[in-house]
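Right, one structure below, let's go through it.
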Amino acid sequence: MTPAPAPTAMPLRQALRVAEGPITLLGYDPASKPLSPGSKSKALKELASTGAVLASQQEMLYANGASGDPRRVLLVLQGTDTSGKDGVVRHVVGQVGPAGVSITSFKRPTAEEAAHHFLWRIRRALPAAGMIGVFNRSHYEDVLVTRVHQSIDGPAWAERIADINAFERQLSDSGTVLVKCFLHISYSEQRKRLLARLDDPSKLWKFNPADIEERAYWSDYQSAYAAAIAATSTEAAPWHIVPSDSKWYRNWAVSQLLRDALLGLELSYPPADFDVEAARARLRPPF
């Protein structure tokens, strides 16, 4: 078993955590690299070693879940288009055994989903005990897009925010560790990444012309994200703003936050619920 190192990611968790009170994203530099290991090559090496720890920790989490432990981890990824949600899933979560991970990407609600409370489909996608769940977009879409395009009014938005806080508090109380990451990129970086998609035939399937139209609402989205993050960064479920203009820093930082969450559970393998020596004796050759 790979030994779990000391939780050195704790300072990063504190550095990226959103402070209480109103915020503006103008106060967060998407090109910054707080507590960076210093270079891309060093970050990639640390990401690989952290991956081994994530895999080991997840196996213990899974083993405990199979033994009745209700704990689980939920990684919530939010960000504008091209902010790197898929990249985090591939480069960070992809280092963990697939049997212990559930990934859900929330799109526009279907007719059935829209007929229910907005958290209905979210509850149905929660990870089982012992699993790491990933929400690639999440319940926050229902207080972001709806606010920007004014499909709900102020009181309805506030009611949904209250519902989210109560929902996340319930999750935390029932043994779910939430790791909420806002992948923060700049307007110019998004343009660069959209152009890169158009230049790469293998990425054209990811390009949506509607994304260009949405860029006209950039300031509105920044305000909506800031309001939602400030209103829902709680002790039970704090937000972390991850500067994401640098892809390698983004992946390194999220891996550290996820590792820190798992190490905080102080996991170990559950003891056997049977007589180990008796089982060993039955398997010895009869001579």
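Shape of the range 75-131 from the C-alpha gyration tensor: oblate (a/c of 1.5 or more and a/b not above b/c, with a ≥ b ≥ c the square roots of its eigenvalues).
Helix 40-66 sits at what angle to the longest principal axis of the chain, using alpha carbons and giving 0 to 90 degrees rounded to 10? That helix lies at roughly 60 degrees to the long axis. Roughly what % antiparallel, to the nearest 5, for the DSSP beta bridges in the range 1-152? Of the beta bridges lying entirely in the range 1-152, close to 0 percent run antiparallel. If I take R0 = 25 Å and measure r between the Cβ atoms of ALA236 and ALA111 in this structure, what FRET efficiency does the formula 1/(1 + (r/R0)^6) give, to the nearest 0.05? Once the sixth-power term is evaluated, E becomes 0.15. Compared with the dominant principal axis of the Cα atoms in the chain, helix 187-199 is inclined by about 80°.
Anisotropy class assigned to the range 216-282 is prolate, per the alpha carbon gyration tensor with a/c at or over the 1.5 cut-off and a/b larger than b/c.
Here the relative contact order of the chain, from alpha carbon pairs under 8 Å that lie six or more residues apart, stands at 35 percent. Report, in degrees rounded to the nearest 10, the 0 to 90 angle that the Cα long axis of helix 154-173 makes with the longest principal axis of the chain. Helix 154-173 and the main axis of the chain meet at about 10 degrees.
Once neighbouring chains are kept in place and the probe is 1.4 Å, which whole percent of the accessible area of the range 233-272 is contributed by carbon and sulfur? Ligands and nucleic acids excluded, carbon and sulfur give 50 percent. A 1.4 Å probe over all protein chains sorts LYS45, LYS206 by accessible area into LYS45, LYS206, starting with the largest. Accessible surface for the chain, divided over its residues, is 51 Å² per residue with a 1.4 Å probe. Distance between the pseudo-spin-label points of LYS206 and LEU283 (7 Å out from Cα toward the beta carbon): 4.5 nm.
Mind running the shape call on the range 126-233? Use the C-alpha gyration tensor, a ≥ b ≥ c as the square roots of the eigenvalues: rounded below 1.5 for a/c, prolate if a/b tops b/c, oblate otherwise. Oblate.
Accessible area, 1.4 Å probe, largest first: how do ARG121, ARG282 sort?
Result, largest first: ARG282, ARG121.
Heavy-atom accessible area for ARG123, with the other protein chains in place and a 1.4 Å probe, reaches approximately 120 Å².
A straight chain from TYR187 to ARG17 at 0.36 nm per residue would run longer than the Cα-Cα distance by 59.0 nm. Taking each residue as 0.36 nm, the span from ARG90 to SER174 lengthens on full extension beyond its C-alpha to C-alpha distance by 27.4 nm. The list (1) 22.5; (2) 14.4; (3) 19.1 gives values of mean projected area of the Cα convex hull in nm², and only one came from this structure; which label was calculated from it? Among (1) 22.5; (2) 14.4; (3) 19.1, the one derived from this structure is (3).
Against the criterion of solvent-accessible heavy-atom surface with a 1.4 angstrom probe, TRP120, TRP157 sort, most first, into TRP120, TRP157.
The values are calculated or read from the model by the stated rules, or taken from the named source; none is laboratory data. All values reported here derive from a predicted model rather than from experimental measurement. When we count neighbours, we look across all protein chains shown, and the Cβ atoms used for this are built from the backbone with ideal geometry, even at glycine. Just so you know, the surface numbers come from the protein's heavy atoms only, side chains and all, with ligands and any DNA or RNA stripped out. Shrake-Rupley method; radii C 1.70, N 1.55, O 1.52, S 1.80 Å.
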